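Contents: one structure, followed by commentary.
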Amino acid sequence: MNVEKILLEEEGRKLFLLGNEAAVRGALESGVSFASTYPGTPSSEIGNVFSKLAKKAGVYFEFSTNEKVALEGSAAAAAAGLRSFVFMKHVGLNVAADSFMSTAYIGVNGGMIILTADDPSMYSSQNEQDNRIYARLAGVPLLEPSNPQEVKDLMKFGFELSEQVKLPVLMRTTTRVSHMRGIVKLGKIQFPVSKGFFKKEPNKYVPVPANARRMHKEMREKLEKVEEIANATEINKSYDFGDELGIITSGGAFNYVMDVVRENNIPAKVLKLTLTYPFPEVLVKDFISKVSKVLIIEEVEPVMEQEVLSIAGKYKIPVDIHGKLDSSLPRIYEYTPDIVREGIEKVVSHKTEKRRYFKTNVTLPVRPPILCPGCPHRATYFAVKKAVEKLNLKNVIFPTDIGCYTLGIQPPYEMADYLLSMGSSIGTGAGFSHATNQKVVSFIGDSTFFHAGLPGLVNAVHNKANLLVVIMDNRTTAMTGRQPSPSEPINGMGEEVPEISIENVVKGIGVKFVETVDPYNLKKAEDTFERALKEEGVSVVISKHPCALITDSEKRKRNFWVTFTINQEKCTKCMICINEWTCPAFYVEKDGTVKIDPLICDGCGVCTQVCPENAIEVRK
Amino acid sequence: MKAYKIHLAGVGGQGTIKTSTIIGEAAMKKGLNVVMSELHGMAQRGGVVTTDIKIGDAYSPLIEKGDADLIIGFEPAEVLRSIEKASDKTFVIMNSARIVPFTVSLGISSYPDASIIINEAKSKFKHLYILNAEKLAMEAGNVVSLNMVLLGGAAAIPGFPLKKEELIQSMKENLPPKTMEINLKAFNLGYEKICKEH
Ligand code: SF4
Ligand code: SF4
């Protein structure tokens, strides 16, 4: 499917859309004017699609430097009366949390939706925090779509609700909903208002304590109104397949419930909650009064389960309540249809047919994600490692950060020792330098440096830390699919913008030793790192070379692609290329000959500098 | 219609997700319900990629253990990794061309001999079709068309809910026009290969 169809396909037609693509269509059908994000899996495709369509659709879109800035931009747009949409992965909301909390107090004029894409089972994240709790912490309504059609439809519902009660609305998806494809019936695209107007009312918008006290009260009143809506709305809906059990579910888990209940003829009533905060107390009270057993099926935290327990307690309803807290269902990780079926079987007398499936005892090879062939990070790690060895430095600490380069954790590089969050490598690096006598080398990418590394670097200089910061500038936000970073001369709308020079920024902060080096030149890079490592205080090396995916697509366009091969007459099978360099294009034949797979080789040629026998040559 | 459940298993870069989308859109165009789940995350960098598709009456795309009607295996080890999705009823297409991960050269994992994998597959699956999709793709003109070889193979599986023509139409809407000739050839080679086997 051509991405343009998400904008251009007519009302009434159907498209086979990813949950993330459906979010964009839903926003466009709602006349969204302002959209912002910092990319992060599993939300990234939303931004990628906006980036392609925003200009044509008349929407302002930006890849912001981080989630906090993204949310602030959207909040301002909503204050000026525009409909705004900000989206991020779950941990991104931690970054944005400070401003997010205030947005709930201040409220909005134009509708505002904040989408958080949670990642149960951590397919590409450092944790699986359940951001439904954030709705409760901040005091904003919460929507939980189950499939792409609902993602789209709930955008409209969310904007209308947001405008009705003047609160931002949080929408929580999970990886399985964001990355689910399904048929989406389209509505009409609404052309956006391009500019809003901000009417000054400081008492309304500035939460100094006197105002904040009033605002908190107003926010609770607004939420009461939303609870009435939640009790009555048809998006909180029940299905009747029998009487033995009541199931309360939401989001992606609803899909498993429906398939398992119907396929196995389980005599259950299912209450699907979609507007789940404020929790619809009256609706749930009525539902649990009709059954003797309830099972709450929700992903990650027992959020709804605790709500149901407290409703049952408050109204003294005699009902057995099952879920995570009594171990009917697993406490952590994402659910699957199998898990849901086993959970249901534990609490009903009805037994489903025993599943037969195959197993194998064959041991299979592991396939961890690896740095691409031609990846500049490999060269950086190789050169830093050599420099450290040459200076005979022991117990060097390598705080790392979030990006492809986190893969430096793998052998043979093994240069990722400590990681907390986006931008943490510099803050933790400085901490280690004060707390130990060990040498510290922090690794951080260009996009991550702008995201949250900057304050850490200012802090390190200001507090006289002693560390080397290696900024791996690969000219993009590679891991999430190559979104532009501030060090590139292009932005999310495809406009030309001034490149922000990392070197100037670092110099401006007052770092004395700042050098930029191309890691593809291994010798020069090693030499630079060696000199930097001898420095006292904060030193910065910018290791700058475009991501291999950028150079590959350029080579593909120019139809110019060299690859390399090993001259078997020169090769002594020293295995340095395999054991130290570790480019995935290399492999060893059964008889021990080392080869390069021409289909995998990216032609970077850096391995020629690694081979002590000069055995690696251009394939003719 | 009771859902027809397809599991695709491969390695990043093999076109697993594209193939799934072609199947899904073809089903939609035919007026059937379809849901699909794709896991990408770090797929780009040589990791395992799987997708589940259900065509027909279903809410969730995820296939329960033993419940796949068809497994399209892009790589032999990946077929075995997905074995729990299969039971007696499952049809399995297995590409015999291997992708050996780098962990094997590094000595931190090992890749079983081809014969071990094939014997294991033969001893378990009741309806197994093995083909060298890489070879057929090269015959068609480009090794990257191996996903279309496998798609063609799927079209020839008894009970597969989409017709050859319906899939070809969807290919046209999802693949660059200049690659169509090779992809069509690849598709037909896969189709004929599986047809010959039953
Ligand atoms: S995507 Fe770019 S930065 Fe990431 S591993 Fe590949 S080459 Fe390296
Ligand atoms: S030239 Fe060498 S290092 Fe570069 S991709 Fe090819 S084999 Fe790998």
In a solvent-free Debye calculation with one equal scatterer on each Cα, what is log10 I(q)/I(0) for the stretch A:433-506 at q = 0.17, 0.21, 0.24 Å⁻¹, listed in the order of the q values?
-0.69, -0.93, -1.11
Could you list the square roots of 5 times each eigenvalue of the Cα gyration tensor of the protein assembly as shown, that is, the equivalent ellipsoid semi-axes, sorted largest first and rounded to whole Å?
42, 38, 25
Given a Förster distance of 45 Å, the FRET efficiency implied by the Cβ-Cβ spacing of B:Val104 and A:Lys55, rounded to the nearest 0.05, works out to 0.45
Tell me the label-point distance for the pair A:Val3, A:Lys293, using the 7 Å Cα-to-Cβ offset, in nm and rounded to one decimal.
4.9 nm
In deg cm²/dmol, rounded to 500, what helix-only [θ] at 222 nm does chain A give when every DSSP H run of at least 4 residues adds -39500 (n - 2.57) and the total is split over its residues?
-11500 deg cm²/dmol
Just read off the accessible area of A:Ile189 with the full protein assembly in place, 1.4 Å probe, to the nearest 10 Å².
50 Å²
Give, in whole angstrom and from largest to smallest, the semi-axes √(5λ) of the equivalent ellipsoid of the stretch A:376-553, with λ running over the eigenvalues of the Cα gyration tensor.
24, 18, 15
Length-normalised contact order for chain B - Cα pairs under 8 Å, 6+ apart - percent
21 percent
With every protein chain in place, the residues of the stretch A:164-186 shedding 30 Å² or more of accessible area versus the chain by itself (probe 1.4 Å) are A:Arg176, A:His179, A:Met180, A:Arg181, A:Ile183
Given a 1.4 angstrom probe, I'd like the percentage of the accessible area of the stretch B:4-197 that is carbon and sulfur, rounded to a whole number.
53 percent
Can you give the FRET efficiency to the nearest 0.05 for A:Glu389 and A:Glu342, using r as the Cβ-Cβ distance and R₀ = 35 Å?
0.10
Relative contact order (%) - the stretch A:376-553, alpha-carbon pairs under 8 angstrom, separation at least six:
24 percent
Go through the stretch A:98-106 residue by residue and turn each phi into a ³J(HN,Hα) via Karplus (6.51, -1.76, 1.60, θ = phi - 60°); whole Hz please, and just put x for glycine and proline.
4, 6, 4, 4, 5, 4, 5, 6, 6
Test of understanding: extend the Cα→C-beta vector of A:Gln190 to 7 Å, then name every residue of the stretch A:26-54 with backbone N under 14 Å from that spot.
A:26-34
Please list 3J(HN,Hα) in residue order for the stretch A:442-459, calculated via the Karplus relation 6.51 cos²θ - 1.76 cosθ + 1.60 where θ = phi - 60°; whole Hz, with x for glycine and proline.
9, 10, 8, x, 5, 5, 5, 4, 5, 4, 8, x, 3, x, x, 6, 4, 4
How far apart, in nanometres, would the label points at A:Asn203 and A:Asp518 be if each is projected 7 angstrom from Cα along the Cα-to-Cβ direction?
6.4 nm
Relative to the compact globular guide of 2.2 N^0.38 Å, what is the alpha carbon radius of gyration of the stretch A:308-445, as a ratio?
1.74
Take the alpha-carbon centre of the stretch A:488-507, take the same for the stretch A:412-476, and report the distance between them in whole Å.
21 Å
Counting heavy atoms of the protein chains only and a 1.4 Å probe, report the per residue accessible area for chain B as a whole number of Å².
36 Å²
Values of log10 I(q)/I(0), in the order q = 0.08, 0.10 Å⁻¹, for chain B under a Debye, Cα-only, solvent-free model:
-0.23, -0.37
Ignoring ligands and nucleic acids, A:Leu419 exposes an accessible area, probe 1.4 Å, in Å² to the nearest 10, of 70 Å²
In the structure shown, of A:Lys56/A:Lys152; A:Lys394/A:Lys595; B:Lys65/B:Lys196; A:Lys185/A:Lys272, the pairs separated by more than 26 angstrom at the C-alpha atoms are A:Lys394/A:Lys595; B:Lys65/B:Lys196
Find the centroid of the Cα atoms in the stretch B:70-129 and in the stretch B:1-31, then give the distance between the two in whole Å.
19 Å
Might you tell me the accessible area per residue for chain A, computed with a 1.4 Å probe and given in Å²?
40 Å²
Give me a comma-separated list of calculated 3J(HN,Hα) values for the stretch B:114-122, in order, Karplus coefficients 6.51, -1.76, 1.60 applied at θ = phi - 60°, integers in Hz, x for any Gly or Pro.
3, 5, 4, 5, 5, 5, 4, 4, 5
Dipole magnitude of the protein assembly as shown, debye to nearest 20 (Cβ charges: Lys/Arg +1, Asp/Glu -1, about Cα centre)
500 debye
Hey, how many Å between the Cα centroid of the stretch A:1-38 and the Cα centroid of the stretch A:565-593?
48 Å
Accessible surface of the stretch A:376-553, 1.4 Å probe, proportion on carbon and sulfur as whole %:
54 percent
Area buried, chain B against chain A - accessible surface, total, 1.4 angstrom probe, square angstrom:
5300 Å²
Eigenvalues of the alpha-carbon gyration tensor of the stretch A:561-618, times 5 and square-rooted, give semi-axes in Å, largest first, of 15, 12, 11
I need the P(r) histogram for the stretch A:502-620: all alpha carbon pairs, bin width 10 Å from 0 out to the longest distance, whole percents.
12, 34, 27, 19, 7, 0
What is the spin-label model distance, in nm, from A:Lys464 to A:Lys595 if the labels are put 7 Å beyond Cα along the C-beta direction?
6.0 nm
Would you mind checking the pairs A:Lys354/B:Lys85; A:Lys314/A:Lys346; B:Lys29/B:Lys178; A:Lys68/A:Lys225; A:Lys386/A:Lys573; A:Lys156/A:Lys200 and listing those with alpha carbons more than 18 angstrom apart?
A:Lys314/A:Lys346; B:Lys29/B:Lys178; A:Lys68/A:Lys225; A:Lys386/A:Lys573; A:Lys156/A:Lys200
Run the reach check for A:Lys222 against aspartates and glutamates, Cα to Cα strictly under 13 Å, same-chain hits fewer than 8 apart removed. What comes back?
A:Glu163
Starting from the amide H of B:Ile130, placed 1.01 Å from N in the peptide plane, find each other amide H under 5 Å away whose residue is 5 or more places distant or on another chain.
B:Met94
I want to make sure I understand the PRE zone here: with the label point 7 angstrom from the Cα of A:Lys285 toward its beta carbon, which residues in the stretch A:216-248 have backbone N atoms less than 17 Å away?
A:224-233
Rounded to the nearest 0.05, what FRET efficiency do B:Asn119 and A:Arg220 give with R0 = 60 Å and r taken as the Cβ-Cβ distance? Could you check?
0.35
Fully extended, how many nm does the chain gain between A:His434 and A:Ile409 (0.36 nm per residue separation, minus their Cα-Cα distance)?
6.6 nm
Where Rh denotes the Kirkwood radius from the mean inverse Cα pair distance, what is Rg over Rh for the stretch A:276-371?
1.13
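The values are calculated or read from the model by the stated rules, or taken from the named source; none is laboratory data. Everything quoted here is computed from the prediction, not taken from an experiment. Backbone-built Cβ (ideal geometry, glycine too); neighbour counts: all protein chains shown. Note: areas computed on protein heavy atoms with side chains; ligands, DNA, RNA excluded. Shrake-Rupley method; radii C 1.70, N 1.55, O 1.52, S 1.80 Å.
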